[in-house]
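The values are calculated or read from the model by the stated rules, or taken from the named source; none is laboratory data. Keep in mind the model is a prediction, meaning the values are calculated, not measured. Cβ: placed from backbone, ideal geometry, glycine included. Neighbour counts: every protein chain shown. Areas reflect the complete protein model, heavy atoms only, side chains present, ligands, DNA and RNA absent. Shrake-Rupley method; radii C 1.70, N 1.55, O 1.52, S 1.80 Å.
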Amino acid sequence: DAGVTQSPTHLIKTRGQQVTLRCSPKSGHDTVSWYQQALGQGPQFIFQYYEEEERQRGNFPDRFSGHQFPNYSSELNVNALLLGDSALYLCASSGRTSGTAEQFFGPGTRLTVL
Amino acid sequence: AQSVSQHNHHVILSEAASLELGCNYSYGGTVNLFWYVQYPGQHLQLLLKYFSGDPLVKGIKGFEAEFIKSKFSFNLRKPSVQWSDTAEYFCAVRGTNFGNEKLTFGTGTRLTIIP
C-alpha cells in the first residue's frame, strides 16, 4: 500500500515565477491538506481540499492556490514567487469518513527560490 | 486561535537517559493532540495521538505522553532513549469541531542522543 507521494522532490525557481507541486494521497483517503515548513520551523497549514473544494484555509495570501481532482490527488500552485516562499512543502492525506481523520504526511517537495 | 508552544528547542542527552519534551497548547475547545517525529532525511511520522479517554497515551518505540487538561499540556516522555531517537519532534493540536481539521504545530524540538 503506497503512502502519500509528492512530486517533484526538489525544485529551484527564480523570483516572480510560478510553481506547481503535486500530491497523491494514501490509498483510501479522500482529503488532502498542504503545509509549508520553513527551515527550523514547524509545518504551517496552507489549506485543505475535500470533494474537490477548498474546505479550510490558513493565513496564506491568494498567491497560494490549489486544486483537487476526482481521483483525490491534489496540486498546490504558487504564483509570483518570493524568496520567502523557499521551504519544504508537505502534503498530508486523511480519510474524512474514518472518523479520526489522522493525517499521514508525504516526503515533501523542497522549493528553493533564487 | 489555536497555538502550540514547545519550550525546548534543542535537547542533548546520553543514551539510556530519560526524556521529557514539553508541549503546551492554546485552544478554546475540545482538542485532539499529536506528537510527530521527523528522523533525518525522512518524512513526518505519527508517534502518538490523544483523542479522548485515558490521558496517558502510549505510542510507538516506547514513547508515551500525558494530557493534562488543567495545564493545557501534552508532554512527551521516554524512560530510556536510544541513539536512533535522534530526530526532530513536533507537537500538534487540532480542534474537534466539524470543518476545523487543520493541524497547528509547534516549532519543534531537536533531540540529539550521544552514544
Practice item. Say whether the condition of being in contact with a Leu (Cβ under 6 Å, 6 or more places away or on another chain), hydrophobic (A, V, I, L, M, F, W, C) and over 23 Å from B:Ala1 (Cα atoms) is met by at least one residue in the stretch A:3-11. Key: yes
Review point. For the stretch B:80-112, how many residues meet the condition of being outside any loop (DSSP other than H, G, I, E, B), open to solvent by 50 Å² or more (accessible area, probe 1.4 Å) and out of contact with any helix residue (DSSP H, G or I) (no Cβ under 9 Å at 6 or more places or on another chain)?
Key: 2
Review point. Counting just the residues of the stretch A:6-35 that are among the small types (Gly, Ala, Ser) and closer than 21 Å to A:Glu51 by Cβ, which one comes out modelled with the lowest pLDDT?
Key: A:Gly28
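One line per residue, one yes/no per condition, for (1) open to solvent by less than 30 Å² (accessible area, probe 1.4 Å); (2) touching a residue at least 60 places away in the same chain (Cβ under 8 Å); (3) farther than 25 Å from B:Tyr89 by Cβ; (4) of a type in the set (Val, Ile, Thr):
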site: A:Pro8; (1), (2), (3), (4): no, yes, yes, no
site: A:Phe45; (1), (2), (3), (4): yes, no, no, no
site: A:Gly58; (1), (2), (3), (4): yes, no, no, no
site: A:Asn71; (1), (2), (3), (4): no, no, yes, no
site: A:Ala80; (1), (2), (3), (4): no, yes, yes, no
site: A:Gly84; (1), (2), (3), (4): no, no, yes, no
Check your understanding: Can you name the number of the only condition in (1) assigned to a strand (DSSP E or B); (2) within 14 Å of chain A (Cβ to nearest Cβ); (3) basic (Lys, Arg) that B:Arg77 fails?
Key -> (2)
Revision key, fill the gap. Every listed condition ((1) more than 28 Å from A:Gln36 (Cα to Cα); (2) out of contact with any helix residue (DSSP H, G or I) (no Cβ under 9 Å at 6 or more places or on another chain); (3) among the aliphatic types (A, V, I, L, M)) holds for B:Leu44 save (1)
Check your understanding: Wholly within the stretch A:1-62, which strands (runs of 3 or more DSSP E) include no fewer than the required count, namely at least 2 residues that are within 23 Å of B:Gly41 (Cβ to Cβ) and more than 12 Å from chain B (Cβ to nearest Cβ)?
Key -> A:10-13, A:19-24
Point to revise | Search result, residues across the stretch B:34-69 that are part of a loop (DSSP other than H, G, I, E, B) and either away from every other protein chain (no Cβ under 11 Å) or among the basic types (Lys, Arg) (or both) | key: B:Tyr39, B:Pro40, B:Gly53, B:Asp54, B:Pro55, B:Gly59, B:Phe63
Exercise for review: Select from the stretch A:63-77 the residues that are among the polar types (S, T, N, Q) and not in a strand (DSSP E or B) and write down the one among them that is farthest from the chain's Cα centre (by Cα).
Suggested key: A:Asn71
Review point. Among the residues of the stretch B:1-33, how many are touching a strand residue (DSSP E or B) at 6+ places or on another chain (Cβ under 9 Å) and in a loop (DSSP other than H, G, I, E, B)?
Key: 15
Review point. How many residues does the stretch A:93-114 contain that are modelled with pLDDT of 90 or more, surrounded by 15 or more Cβ atoms within 10 Å (Cβ to Cβ) and more than 8 Å from every other protein chain (Cβ to nearest Cβ)?
Key: 5
Check your understanding: Under the condition of being open to solvent by 50 Å² or more (accessible area, probe 1.4 Å) and touching a residue at least 60 places away in the same chain (Cβ under 8 Å), which residue from the stretch B:6-25 is farthest from the other protein chains (Cβ to nearest Cβ)?
Key -> B:Ala16
